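Shown next, in structure tokens, is the structure this report addresses.
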2 protein chains.
Amino acid sequence: MATSIICTVDVVLLTLHDGDLHAVLLRRERDPFKQAWALPGGYIDPEHDQSAWEAAARLLEQKTGIVSPYLEQLATFSGPARDPRGWSVSVAYYALVPADILPADGEAVKRVPTARLPTLPFDHGNILQTAVSRVRSKSQYSSLPVYLCGERFTLPQLQTVYEAVLGEPVNKVSFRRKVEELGMLEPIEGEMDAGKAHRPAQLYRLRKEFRRRLSVLDRGLNSRS
Amino acid sequence: MATSIICTVDVVLLTLHDGDLHAVLLRRERDPFKQAWALPGGYIDPEHDQSAWEAAARLLEQKTGIVSPYLEQLATFSGPARDPRGWSVSVAYYALVPADILPADGEAVKRVPTARLPTLPFDHGNILQTAVSRVRSKSQYSSLPVYLCGERFTLPQLQTVYEAVLGEPVNKVSFRRKVEELGMLEPIEGEMDAGKAHRPAQLYRLRKEFRRRLSVLDRGLNSRS
DNA sequence: TGAATAGTGTCTTTGAGACAATATTGC
DNA sequence: GCAATATTGTCTCAAAGACACTATTCA
């Protein structure tokens, strides 16, 4: 009989921790690579999943409890050697979530800084690197990083998030102009930092229309790289 | 036994014809959709293919005779309904080739303008649209459209190609500045248009280093969209 | 010489970054 | 008032587009 192909999905779940971009890894419960830290993922279930995207959303929720508002296809990785069980195809996705909805690191879940990744099983290291560069590049001209913030945030906080993702400082005036141009935020009437010894910053939230989609600019944040 | 998933690849082969972007379609020799015009594609063969990319390159060559210098993954399409044979995953690729290496339209191969696509079987219409917008967007900041030119071409010709892909006029001075900045072309000593009643244009070719990869700009060709 | 298109110089406009002035808070 | 950070105004510089001028060919 013809050899059949293993069809899986993998999810790169990204968040911010200590001011740096981190990926969430799970400890594998089964072979291959039992006990190793790896990306959340698993088999597509043709009985229940209506698409690879649904499989990714389902597996992410089953394995981490997280329903991410932003889950997008990254790329597909394939070949005879990436999985010891045989010729495989993995459709990879990436998700961005605010730090506060993640469980603390534990026996089965942990965050690792994307700047210092451990060696990972399968081709998960490659998938993760691809996701990080995709996120970095998309962040230059879109509102993608707002998914790393909670529901309410100030512009200085958001700027810090952009800087963490892009890995370089961002001009404050240009940043505010761009955010204005993107038009996806609305101010909330309360203010924040009532406890800090300086002028409090205005709190903002995403406009309803942008809760699940990006706002995109022509020209980017002009981070020369 | 568990239902197995059908794993295929599809290739969106793009070229220029009569000044417009066209896709190449093949007449299907088998069911499903026997006789219908559809994208070149087929099953991944785990016995021979080392990756989905290799499967795409192999199928493209087998079905059209073309070995494309540029063949890149587009996205993966999946679900229970896109193929009547069952739950399927198709890894889609796109390729750009100069008009002169294509066979003329015939019984089994034809070009269709991407601006007026016929209804296509499977989800090939969707795949094709996705490919066109990807190519358009990449063309704004990279050398991608040079793959639609032959080996030798003039800057005015290249500009026309960009305009066809982008679907809008491009500023001549800016265009030449950008091409200079991309640094991927070198002039050839001979000139062209010796037969035209006006000043002949300098012929250029791709530098060796760029024969198989793109040159990318920060800021794009500034086509406001 | 005239028509036609290639190639270049330069002015104007737009947008990004630098810098700094003003605003608001707790101490 | 002072320290600290938020927010805004404005200047400078770089890049894109507009426009027009020069160059080269054939008829």
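Summary table below
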| read-out | value |
| --- | --- |
| Region A:34-134: trypsin sites (Lys or Arg not before Pro) in DSSP loop, at most 11 other beta carbons within 10 Å | A:34, A:85, A:116 |
| Projected label distance in nm at residue B:189 and residue B:108, using a 7 Å step from Cα toward the beta-carbon | 4.4 |
| Net charge over other residues, Cβ less than 15 angstrom from the Cβ of residue A:180 (K, R count +1; D, E count -1) | +3 |
| Theoretical gain in end-to-end length, residue A:209 to residue A:4 [0.36 nm per residue, Cα-Cα removed] | 69.5 nm |
| For region A:45-67, residues shielded by at least 50 square angstrom of accessible area compared with the chain on its own, probe 1.4 Å | A:46 |
| Modelled label reach - residue A:137, point 7 Å along Cα→Cβ, region A:1-37 residues with backbone N closer than 18 Å | A:12 |
| For residue B:173, inter-copy label distances in nm, listed shortest first [label point 7 Å out on the Cα-Cβ vector] | 2.6 |
| Antiparallel content of DSSP bridges confined to chain B, in %, to 5 | 75 |
| Paramagnetic reach from residue A:115 (point 7 Å along Cα→Cβ, amide N under 20 Å) across region A:13-50 | A:13-25 |
| Shielding score for A:70-79, defined as the mean number of other chain Cβ atoms within 10 Å | 5 |
| Positive-end residue of A:90, B:4, A:195, charge dipole of the protein assembly as shown with Cβ unit charges | A:195 |
| Pseudo-label separations to other copies for residue A:35 - Cα-to-Cβ vector, 7 Å, nm | 6.2 |
| Cα centroid separation - region A:52-94 against region B:1-57, whole Å | 23 |
| Other copies of residue B:187: label-to-label distances in nm, shortest first, labels 7 Å along the beta-carbon direction | 5.7 |
| Dipole magnitude (debye, nearest 20) for the protein assembly as shown, charges at Cβ of Lys, Arg, Asp, Glu | 900 |
| DSSP loop GluC sites (Glu not before Pro) with at most 10 other Cβ within 10 Å: longest gap in chain A | A:108-225 |
| In Å², nearest 10: area of residue A:87 left accessible to a 1.4 Å probe | 20 |
| Estimated inter-spin distance, residue A:129 and residue B:34, nm [label 7 Å along Cα→Cβ] | 4.8 |
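The values are calculated or read from the model by the stated rules, or taken from the named source; none is laboratory data. Since the model is a prediction, treat every value here as computed from it, not as a measurement. Using ideal geometry, Cβ is built from the backbone for each residue, glycine included, and neighbour counts are taken over all protein chains shown. We work out accessible area using only protein heavy atoms, side chains counted, and drop any ligands, DNA or RNA first. Shrake-Rupley method; radii C 1.70, N 1.55, O 1.52, S 1.80 Å.
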